[in-house]
Amino acid sequence: MADAMNMVVSGDSEVDFATAALPGAEFHSLLAQFRAETPVKTVRFLGQPAYYLTSYKAVEAAFRDGEKFPADAWYQLSSEPVMGRTFISMPTREHRIYRKLATPAFRSRAVVGYGDAEYRRILHELIDPFAQQGEADLVTQLTRAFPLIMISRMLGLPITQEDDFKRWALSLLNFIHDADEALGAAHEIAAYLQPLIQARRHEPRNDVLTELVQAEVEGRSLSDEEIISHIRLLFPTGADTTYLALGNLIYALLTQGDAWQQVRDDADLRNGAIEELLRWEPPAGIIARLSCERDIEFFGHTIPASSLVLFGIDAANRDPELFPEPDRYDIARKTEKLMTFGPGPRACPGMHLARQELRLALDVLAERLPNLQLLDRDAARPRGTILRGPQAMRVRF
């Protein structure tokens, strides 16, 4: 499908933004071209017309306008069939309540109590097997595994199943391309979690699964199916975005001047390097929405009722009106007002946990692998448009 959509139409390069790879600067160059033309660009997504928001002002306005761009409509189509009903696919009032019920997975006694020491222990546990080999693929041997392990252990799930968690997460994310595989993974997750949920109801533990079982807001609590649906959502969205962000961070540090040497030698620069990465190459390049059920005017363009609209996270984060020299990765940049996690009441609840994981991973990499060198820059270029990151990262150390 991707090859079929990578075609020339009326002299313009037109790609399908659901499937195109657009590695490295190719993606950003195309978005810069779009942004120079218009804040609302007609493109293709899954073979259908879609409206790509290309400027920071347009993306911010769309995020904050829940009437014109309701979040629940798109997620009811794209995630609910496989994840089940979760707070992201609920209308505003339900979203507020169920978000509070579900956020123990991100902010809770169990998460806070887990502590930096346990994060570091897991990172060392992952690095130990290859630390003496001199070379490794950090995607397969570190970045993909780390956030999945963290989530499974915070939930209190047996570590013997962690290979299954990886497979399930990848299958769920692949729903638009292979619905049968994704639905199979959804059923496997439910069968696996049901007895564990029942066990926590009878014998609570100090873990996030217990907090989900016990959570209550305004007299409501989560049913077993709602807990299962939330965990289905948590694995691919929480783990995969963090692993992609970590890969993007390593790629940026190893390819943009002497950035790696700077953060390796000065720990005070590391938070700035992470914030700049979240601007320069965030793991989610596009957030999709359906417009409301009437024609609307938006930034000088008519968007027909119930149209697919793409919030250009990457495009907004490199808008030169907000970020001078936007293509330059600058760890000293005072980065504010990012679109990476979305503004407003539906902002990503996992943003603080993601930043914590990125910082601890960077600390441990600087300690364990201080002489990192990238062996294949082209293969490590971030790829994708919806979710974006390196598929391989061969390094020498």
Checklist entry - Quick one: is residue 330 buried (at least 18 other Cβ atoms within 10 Å of the Cβ), free of Cβ contacts under 8 Å to residues at least 60 places away in the same chain and assigned to a loop (DSSP other than H, G, I, E, B)? => result yes
Selection from segment 34-51 of residues in a strand (DSSP E or B) and charged (D, E, K, R) yields 41, 44
Within segment 184-220, the residues that are in a helix (DSSP H, G or I) and open to solvent by 60 Å² or more (accessible area, probe 1.4 Å) are 187, 188, 191, 194, 195, 198, 201, 202, 214
Going through segment 213-240 in order, the residues found to be in contact with a Gly (Cβ under 8 Å, 6 or more places away or on another chain) and of a type in the set (Ser, Thr, Tyr) are 229, 237
Given the condition at pLDDT 90 or above and either more than 30 Å from residue 93 (Cα to Cα) or open to solvent by 80 Å² or more (accessible area, probe 1.4 Å) (or both), answer yes or no: does some residue in segment 149-161 qualify? no
Of the residues in segment 353-397, those that are among the small types (Gly, Ala, Ser) and surrounded by 23 or more Cβ atoms within 10 Å (Cβ to Cβ) come to 361, 380, 389
Picked from segment 118-144 (must be assigned to a helix (DSSP H, G or I) and of a type in the set (S, T, N, Q)), the residue farthest from the chain's Cα centre (by Cα) is 141
Restricting segment 125-139 to residues that are over 17 Å from residue 159 (Cα atoms) and without any contact (Cβ under 8 Å) to a residue 40 or more places away in the chain, the one most open to solvent (accessible area, probe 1.4 Å) turns out to be 132
In segment 62-83, anything assigned to a helix (DSSP H, G or I) and over 22 Å from residue 189 (Cβ atoms) is listed as 62, 63, 64, 71, 72, 73, 74
The condition of being out of contact with any Gly (no Cβ under 9 Å at 6 or more places or on another chain), more than 19 Å from residue 252 (Cα to Cα) and of a type in the set (A, V, I, L, M) holds, among 322, 353, only for 322
Listed by first then second residue, the pairs whose first member lies in segment 371-385 and is within 24 Å of residue 15 (Cα to Cα) and touching a residue at least 24 places away in the same chain (Cβ under 8 Å), whose partner is aromatic (Phe, Trp, Tyr) and crowded, with 19+ Cβ neighbours inside 10 Å, with beta carbons under 7 Å and at least 6 positions apart or on separate chains, are 380/251; 382/251; 385/17; 385/27
The number of residues in segment 178-210 that are at pLDDT below 90, within 25 Å of the chain's Cα centre (by Cα) and under 25 Å from residue 97 (Cα atoms) is 2
* For residue 22, state whether it is under 21 Å from the mean Cα position of the chain (by Cα) and either open to solvent by 10 Å² or more (accessible area, probe 1.4 Å) or at pLDDT 95 or above (or both). => yes
Counted residues in segment 104-124 being surrounded by fewer than 18 Cβ atoms within 10 Å (Cβ to Cβ) and either more than 24 Å from residue 368 (Cβ to Cβ) or modelled with pLDDT of 95 or more (or both) come to 5
Of the residues in segment 303-332, those that are among the hydroxyl-bearing types (Ser, Thr, Tyr) and closer than 19 Å to residue 76 by Cβ number 2
Per the list (1) farther than 28 Å from residue 16 by Cβ; (2) in contact with a helix residue (DSSP H, G or I) (Cβ under 7 Å, 6 or more places away or on another chain); (3) outside any helix (DSSP H, G or I); (4) not polar (S, T, N, Q), residue check on residue 355 breaks on (3)
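Conditions (1) within 16 Å of the chain's Cα centre (by Cα); (2) open to solvent by less than 40 Å² (accessible area, probe 1.4 Å), marked per residue:
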residue: 297; (1), (2): no, no
residue: 303; (1), (2): no, yes
residue: 310; (1), (2): yes, yes
residue: 318; (1), (2): no, yes
Q.
Given the condition touching a Ser or Thr at 6+ places or on another chain (Cβ under 9 Å) and either part of a strand (DSSP E or B) or in contact (Cβ under 8 Å) with a residue 24 or more places away in the chain (or both), answer yes or no: does some residue in segment 263-271 qualify?
A. no
Notebook entry, point to check: Does segment 380-388 contain at least one residue that is over 30 Å from residue 45 (Cβ atoms) and part of a helix (DSSP H, G or I)?
Noted result: no
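The values are calculated or read from the model by the stated rules, or taken from the named source; none is laboratory data. None of the values given here were measured: they were computed from a predicted structure. FYI the Cβ positions are ideal-geometry reconstructions off the backbone, even for glycines, and counts take in every protein chain you see. The accessibility values were calculated without ligands, DNA or RNA, using every heavy atom of the protein model including side chains. Shrake-Rupley method; radii C 1.70, N 1.55, O 1.52, S 1.80 Å.
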